[in-house]
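Before any comments, here is the structure.
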Amino acid sequence: MVLVAVFGVALLIAVLLSGLAARTVLSTSLLFLVGGALVSDGFLGLIHITPASEIVSVTADLALVAVLFTDGQHVSFAKLRTNWRNPARALGLGMPLAFVFMALVTHWLVGLDRTTSFLVGAVLAPTDPVFASAIVGRKEVPAKLRELLNIESGINDGLALPVVLLLIAAAGPTAAGHTDEASIGRIALELGLGLAFGVLLPLLVGGLVRFRLLGAEPKLQPLLPLATGVILYGLCHLTHANPYLAAFSAGAVLAAVSPEAKDAFEPLGEALAELAKFAALLVFGALLTPTLFADLSWRGYVAVVLATVLIRPVSLLISLTGTRFARREKLTAAWFGPKGFASVVYGLLVLQSGIPHAEEAYTLIAVCIAFSIVAHSSTDVPIARMFDVEDLVGIPDDEQDPADPPTEVERKAAV
């Protein structure tokens, strides 16, 4: 109950400071991360959580599923059919480049063996703009930029998972017991089942709603997508289907087949996703003890900095070369590649796998996630406001997309 009380206090403080956070570099995500660290064994000792604690994996898993389910509902298939090239570039070129670059830095700088280094690269390859919510949630940020980051973060979690599992299986003899579970066939089955459940279940629910004798009362309509998500989560864990791919695809299909249910659920869904995110941040923060940071060498810290300020930006900028994004849009997309819940979940898989150098790999992963959360969640609001200011003053951009709608200043000048 101490953890529940701490969460309630942290939530109250975050709500009271949310108005200030929306206007400054103060971040509610950072408040929960720091709050978790303060009440952990490393400081006040109010709660006792280790990476092996079940609450760690459960909260991270629930938060990731909740966030992906709500993010999927923001995907427009109509827009995606015409704007699929940019997300495909980010996923097909930017993500593999980040994966390889991180693996090389880990091997050459930190000194981990090749397999474990590539495992670290795979864990840290997925991005999670939920920690940069001002970018994907603000209307002044160009829609195509928000769409790129949203689709990339929603899909890359599922793409990274099979690579993580295969590398865990290959990392050492102590992981031999996982070889069968991580076989290519089994992984493909889990991904296929997740995608199938994510598509078929919303279609089934949408069909049931259309029956004449059935239908949701307006005040209960928001619970229809919630019930779908809960069933999907349980079904995936019972069948070992991939819950992350299922959640994202279910959200997208639900929004397409039942827009009215999506609109009714949106306020509730966003609130639930925020609660799940805050709970996971509090628990993850409790793992960030002084001992954890002391265990990472100075070379490890260099690798963490490179992962955030160089590897992700360079990888995505390469993948977006030749696109019609404006320069500031490319730079924003390249910067906002925070490591989030997927990396937390996959990092815990590494720690619990029993492979050689598992603890060293997890320490590097955990510190990198913490550094990324601090860096990205404290810069999202200023950068989002930059777009609004530039539009208001009519500052031209030498790489502006001709397809972009004219600004207010440009419309007046044309008249």
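Positive end of the dipole of the range 242-385, charges at C-beta (+1 Lys, Arg; -1 Asp, Glu), about the Cα centre: which of Leu310, Pro243, Gly322 has its Cα farthest in that direction?
Farthest towards the positive end: Gly322.
Rounded to a whole number, what % of the accessible area of the chain do carbon and sulfur atoms account for, probe 1.4 Å?
On the way: 12940 of 18720 Å².
It is 69 percent, rounded to a whole number.
Where Rh is the Kirkwood radius over the Cα pairs of the range 245-386, the temperature 37 °C and the viscosity 0.692 mPa s, what D in µm²/s does Stokes-Einstein return?
On the way: Rh = 17.7 Å.
Reported coefficient: 185 µm²/s.
Lys and Arg at +1, Asp and Glu at -1: add these up for the other residues within a Cβ distance under 15 Å of Ala375 and post the number. Mind dumping the intermediate values first?
Values: positive: Arg312, Lys339; negative: Asp128, Asp380.
Spelling it out: positives minus negatives among the neighbours equals 0.
Projected area of the chain, taken from the Cα convex hull and averaged over every viewing direction, in nm²?
Numbers: hull surface 88.0 nm².
For the Cα atoms of the chain, the hull's average projected area reads 22.0 nm².
Rounded to whole Å, give me the distance from the Cα center of the range 26-97 to that of the range 185-232.
So the two Cα centres are separated by 23 Å.
Suppose every K and R has +1 on its Cβ and every D and E has -1 on its Cβ; what is the size of the dipole of the chain about the Cα centre, in Debye to the nearest 20?
On the way: 26 positive and 34 negative charges, 120 e Å.
With Lys and Arg at +1 and Asp and Glu at -1, about 580 debye.
Would you mind computing Rg(Cα) / (2.2 N^0.38 Å) for the range 202-304, counting N as its residues?
1.53
Considering the alpha-carbon set of the range 297-360 alone, what are its Rg and its Dmax in angstrom?
Expressed in Å, the Cα Rg and Dmax of the range 297-360 come to 15.5, 46.
Assuming 0.36 nm per residue, please report the length gained on full extension of the stretch Thr239 to Gln352 beyond their Cα-Cα distance.
38.6 nm
Taking the C-alpha atoms of the range 38-130, how large are the radius of gyration and the largest Cα-Cα span, Dmax, in Å?
Over the range 38-130's Cα set, Rg and Dmax evaluate to 18.3, 53 Å.
The values are calculated or read from the model by the stated rules, or taken from the named source; none is laboratory data. Please read these numbers as outputs of a predicted model, since none were measured by experiment. Neighbour counts run over all protein chains shown; Cβ positions are idealised from the backbone, glycine included. Keep in mind that these areas ignore ligands, DNA and RNA; they rest on the heavy atoms of the full protein, side chains included. Shrake-Rupley method; radii C 1.70, N 1.55, O 1.52, S 1.80 Å.
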